[in-house]
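Data block below; observations after.
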Amino acid sequence: MKKRLYLELENCIGCRSCLAACTQCGGHEERNRNYVYDVNPLVNRQTMPLMCLHCVNPACARSCPAQAIQIHETGAVLSALVEKCIGCQNCTIACPYGIPKFDTEQNLMYKCDLCIDRTKDGIPPMCASVCPTNTLQWLTDEEIENKKQHNLDNGKWVTSMPYLEGETNVKISLPGILQGVTKLF
Amino acid sequence: MQRDKFFKEIDNLTHPNERLIKTHCSYCGMQCGMNLRVNTITNKIIGVEPRYDWPVTVGKMCPKGVTAYQQTNHKDRLLKPLIRDDASLKGTKEGFREASWEEAYDLIAAKFKELQEQYGKDSLSVFSGVSMTNEKCYLTGKFARVALGTRYIDYNGRFCMSSAAGGFLRSFGVDRGSTLPWTDIHETDCLFIAGSNTAECHPTSMFRVWAVQERGGYLIVADPRETPIARRADIHLDLKPGTDLALANGILNLLIQNGYADEEFVRQHTNGFEETKELVKEFTPEYTSELTGVAIEKIVRAAEIYGKAPNAIVMFARGVEQQHKGVDNVSAYVNLALVTGKIGRTKAGVATFTGQGNGQGGREHGQKADLLPGYRKITNPKHVQEVCDVWGITPEEMPGPGVSAYEMFELMEKKTIRGLYLLCSNPAVSAPNLNFVRQAMKNLDFMVCADFYLSESAEFADVVLPSVTWSEDEGTVTNLEGRIIKINQAQEPIGESKPDWKIQVELAERLGRGKYFSHLHTAKDVADEFRLATKGGYADYYGATWDKIDKQDGVFWPCKDEKDAGTPHMFLDKKFYHEDGRAKICALPYRPPAEEPDEQYPLRLTTGRVVYHYLSGNQTRRIPFLKDMCPEPFVEVHPETALKYDINHEENVRLFTRRGEGIYRVKITEAIRQDTVFVPYHFGHEQSINLLTIAALDPMSRMPEFKACAAQIEKLEQKKVQ
């Protein structure tokens with residue numbers, strides 16, 4: 001059954017285990033490919049991961065003059081093909097979230113491929129496997145539907161309102177996990 | 001066993017020429033399940049793969065766990081014994097030369113014999129730790145008493161778990177850190193978590209903690225800082241460091257006054273209620289608020305939530321335990337569960353977050369100054385006889401009780417203790433009042449340190465022995481639930497390094513005590529003797545065979561024999577371990593921290609951990625990812641306080657107490673009380689915050705008051721001219 005990465009931002013504790021685990025994925029050459037931000041560092045300890053959202057119609061791939069960014073049949077937007085990437089960094093500029101990273105020594109872009117060597121066989125990506133807080137989860141569409149919290153105005157999964165880019169394969173609970181929860185007593 | 005809603009059947013990814021070794025993390029008491037990836041051609045550990053089938057953590061790991069494997073083949077590993085001939089270089093990294101095991105053993109045996117002949121058996125000491133297997137912890141106790149014949153053995157649990165142990169013993173008559181398995185946590189209705197920075201120190205508990213709130217349950221957190229767990233708490237009790245006892249008494253008073261006491265439970269299963277009720281009357285919300293600095297409404301609301309909750313778990317950690325009244329704090333929080341009867345059933349109870357990997361098992365089996373295997377007392381003749389029967393010595397040969405960890409340094413300073421065998425610990429960073437402790441270590445005539453890296457403490461040694469990491473040996477560990485689990489060997493020891501148990505067997509032979517040790521050829525041999533030595537003690541591991549541990553996903557002690565499946569939940573029969581079967585509700589008068597702020601030192605200094613480092617940092621500071629994330633200590637200061645001192649974010653300031661000082665980078669944050677500053681303790685040499693901390697010891701547990709002392713800040717940099 002198809003599973004997706006699902007983000008519950010409110011759960012994040014800023015441990016950056018997702019980044020440590022990212023380096024462990026076979027195809028990642030020990031470089032982490034995503035981000036965790038301190039939301040308001042001088043005020044509180046809130047943090048949030050910024051992961052590639054694997055857009056259905058990704059700006060990074062559209063902007064690539066060399067067609068180096070391929071989309072896997074699972075929907076994962078892959079890292080640039082080494083033999084095609086010309087190091088122009090159009091993708092980083094085009095991505096509304098600034099996800100693709102750049103290796104200046106090799107003159108190559110690299111980005112999250114959703115651990116394609118794992119997820120193509122239904123094994124969760126490293127980040128969602130290790131996340132101690134369930135900020136990152138690997139869920140079926142049905143499990144995501146059951147989360148119920150995504151009462152967005154347009155009824156669609158988008159990453160911000162108004163949306164920056166459009167439909168994404170990765171889903172984010174924007175209103176926050178505790179909104180709408182009824183207390184037990 | 002205990003597969004819950006978080007458990008998913010997932011196949012692991014395996015690469016060609018690779019095998020996975022099922023084991024657990026080397027670090028904290030969570031003991032997260034992990035698979036080590038081993039290259040089948042080189043037979044070396046090359047990475048980590050989640051262990052989805054471990055029921056407690058279902059594949060989850062914190063950044064320390066993910067990178068733990070990088071310890072094994074690290075460039076800093078000690079590969080051969082080191083000897084330093086020039087004692088004037090003690091306290092530095094200088095002067096060591098590589099030596100053979102033969103030469104090192106000969107030197108140690110000669111020096112140990114010389115000291116004991118001249119100054120008596122007790123001139124030697126053993127300082128140990130609990131980040132190692134039960135088998136090693138057990139053998140270390142035997143080594144001290146049988147091979148060295150000294151009374152002076154103690155361990156770093158005195159800086160970690162001893163207050164929890166003391167509190168549980170007094171309240172329940174038994175010291176198992178959790179009365180219930182971790183798989184109950186997400187099913188309770190209210191978590192009352194005091195003095196635990198859970199999200200950073202035990203991150204893989206967090207998915208269960210958050211799940212309580214997702215179900216509509218409540219989270220109450222008591223902490224001077226708005227830690228990542230406190231940020232999302234329903235009630236954050238932001239108390240002054242060192243005032244937990246007042247807070248717990250105040251909450252207990254409200255529970256009793258508002259009719260939440262379970263009178264039936266109290267009458268049938270406890271002692272001490274009436275006098276406790278009398279004592280806590282004084283702790284009105286107003287008075288409690290005055291002592292703790294927490295708003296009255298928060299105190300009242302927290303008591304109401306805990307009182308109303310059908311099920312609740314009270315949890316705590318070093319924040320309440322590392323105080324000179326740590327034992328009282330533990331008993332005071334346990335009181336909440338006993339008075340309301342929220343214990344002795346599933347989904348309700350009490351737990352401490354064990355700090356070290358084997359903080360639970362390691363304190364039960366005879367590394368503590370006054371304990372023998374199976375939690376037996378060295379002052380109890382019957383207990384001594386039982387252990388003597390296993391060890392093959394006479395009770396006359398058994399040394400008496402020694403002194404606690406910090407007090408051993410006092411005896412080193414006085415030259416009562418002249419020799420030290422240190423293993424699995426780094427007190428030159430982790431002990432309080434470090435100027436004194438480091439001087440005491442320098443003062444030794446002869447010191448041996450076994451470690452797998454050259455720690456700050458090894459810098460004081462004459463001989464350093466290369467031990468192995470957790471991944472190069474096997475044995476059992478008891479996690480924070482009280483679940484005995486199995487650590488498996490993934491790689492052969494690198495270089496000439498050896499497991500600690502083997503070092504002790506070989507050293508015992510050199511000391512002429514081989515007949516008590518020479519039959520121990522493998523870790524399994526030690527395990528078999530260890531299980532036998534615990535038989536009949538109340539921490540009975542006899543039935544916890546390696547086979548059973550494997551089949552059952554761990555075994556909860558007590559586990560008395562082959563048929564016994566173990567005891568995941570304690571006290572289900574409402575029988576406590578005191579002789580009359582009752583628990584004790586304790587009447588505990590409040591006392592402030594040993595050192596209160598004054599004009600000269602107006603701030604409260606508290607210490608703790610960050611998510612990227614473990615204990616003294618000897619391991620984690622060497623791991624590139626963890627070092628990148630947190631390369632140096634810092635001092636957390638509230639913006640209002642920063643304004644008072646005219647200091648800025650990222651500025652270096654001098655922080656000092658009556659005992660020591662350090663230069664720290666300022667981290668401005670509103671997530672701390674205005675009267676409090678915080679510094680993490682993972683750093684060595686002049687960066688150690690323990691140069692500043694106070695060695696005020698708990699009268700029962702001998703735990704130092706790491707969590708509260710008086711401090712002052714001084715601005716260093718001149719203001720830039722605009």
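The values are calculated or read from the model by the stated rules, or taken from the named source; none is laboratory data. Here the structure is a predicted model, which means the values were calculated and not measured. Cβ atoms come from the backbone with ideal geometry, glycine included; neighbour counts cover every protein chain shown. Just the protein is used for accessible areas: all its heavy atoms, side chains included, with ligands, DNA and RNA removed. Shrake-Rupley method; radii C 1.70, N 1.55, O 1.52, S 1.80 Å.
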> Inside the stretch B:183-204, can you point out the residues that are more than 22 Å from residue B:255 (Cα to Cα), of a type in the set (Gly, Ala, Ser) and more than 8 Å from every other protein chain (Cβ to nearest Cβ)?
Replying inline: B:196
>> Just the residues that are open to solvent by 10 Å² or more (accessible area, probe 1.4 Å) and either in contact (Cβ under 8 Å) with a residue 40 or more places away in the chain or in contact with a helix residue (DSSP H, G or I) (Cβ under 8 Å, 6 or more places away or on another chain) (or both), please, taken from the stretch B:295-306.
In response: B:295, B:296, B:298, B:300, B:301, B:304
> Which one is nearest to the chain's Cα centre (by Cα), of the residues in the stretch B:576-609 that are in a loop (DSSP other than H, G, I, E, B) and of a type in the set (Lys, Arg)?
Replying inline: B:609
> On the given criteria, is residue B:130 touching a residue at least 60 places away in the same chain (Cβ under 8 Å), of a type in the set (Val, Ile, Thr), in contact with a Phe, Trp or Tyr (Cβ under 7 Å, 6 or more places away or on another chain) and assigned to a helix (DSSP H, G or I)?
Replying inline: no
> In the stretch A:1-12, how many are touching a helix residue (DSSP H, G or I) at 6+ places or on another chain (Cβ under 8 Å), within 14 Å of residue B:206 (Cα to Cα) and open to solvent by less than 10 Å² (accessible area, probe 1.4 Å)?
Replying inline: 1
> When you go through (1) among the hydrophobic types (A, V, I, L, M, F, W, C); (2) part of a helix (DSSP H, G or I); (3) touching a Pro at 6+ places or on another chain (Cβ under 9 Å) one by one for residue B:412, which number turns out not to apply?
Replying inline: (3)
> Which pairs do you get when a residue that is away from every other protein chain (no Cβ under 14 Å) and among the β-branched types (Val, Ile, Thr), found in the stretch B:635-654, comes within reach of a residue that is in a strand (DSSP E or B) and exposed (fewer than 14 other Cβ atoms within 10 Å of the Cβ), reach meaning Cβ atoms under 7 angstrom, with the pair 6+ apart or on two chains?
Replying inline: B:653/B:714
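Is the stretch B:62-81 home to any residue that is part of a loop (DSSP other than H, G, I, E, B) and either farther than 30 Å from residue B:504 by Cβ or in contact with a Cys (Cβ under 8 Å, 6 or more places away or on another chain) (or both)? So that I can check it myself, show each step before the final result.
Going through the stretch B:62-81, the residues part of a loop (DSSP other than H, G, I, E, B) turn out to be B:62, B:72-81.
Right, trim to either farther than 30 Å from residue B:504 by Cβ or in contact with a Cys (Cβ under 8 Å, 6 or more places away or on another chain) (or both) and you get B:62.
Yes - at least one qualifying residue is present in the stretch B:62-81.
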>> Can you find, within the stretch B:38-66, the residue that is most open to solvent (accessible area, probe 1.4 Å) among those that are more than 9 Å from chain A (Cβ to nearest Cβ) and over 19 Å from residue B:550 (Cβ atoms)?
In response: B:41
>> With the requirement that a residue be open to solvent by less than 10 Å² (accessible area, probe 1.4 Å) and closer than 17 Å to residue B:130 by Cβ, what does the stretch B:450-467 give you?
In response: B:450, B:455, B:457, B:467
> From the list B:276, B:227, B:243, which one is closer than 30 Å to residue B:674 by Cβ, among the hydroxyl-bearing types (Ser, Thr, Tyr), away from chain A (no Cβ under 14 Å) and surrounded by 21 or more Cβ atoms within 10 Å (Cβ to Cβ)?
Replying inline: B:243
>> Residues that are within 12 Å of chain B (Cβ to nearest Cβ) and modelled with pLDDT of 90 or more, at least 2 per element: which strands (runs of 3 or more DSSP E) completely within the stretch A:96-154 meet that?
In response: A:136-140
>> Among the listed residues A:57, A:32, identify the single one that is within 14 Å of chain B (Cβ to nearest Cβ), in a loop (DSSP other than H, G, I, E, B) and polar (S, T, N, Q).
In response: A:32
> Taking the stated definitions as given, is residue B:233 within 8 Å of chain A (Cβ to nearest Cβ) and among the aliphatic types (A, V, I, L, M)?
Replying inline: no
> Which number in (1) within 20 Å of residue B:630 (Cα to Cα); (2) out of contact with any Lys or Arg (no Cβ under 6 Å at 6 or more places or on another chain); (3) open to solvent by 10 Å² or more (accessible area, probe 1.4 Å); (4) at the interface with another protein chain (Cβ under 10 Å from one of its Cβ atoms) marks the one condition that residue A:17 misses?
Replying inline: (3)
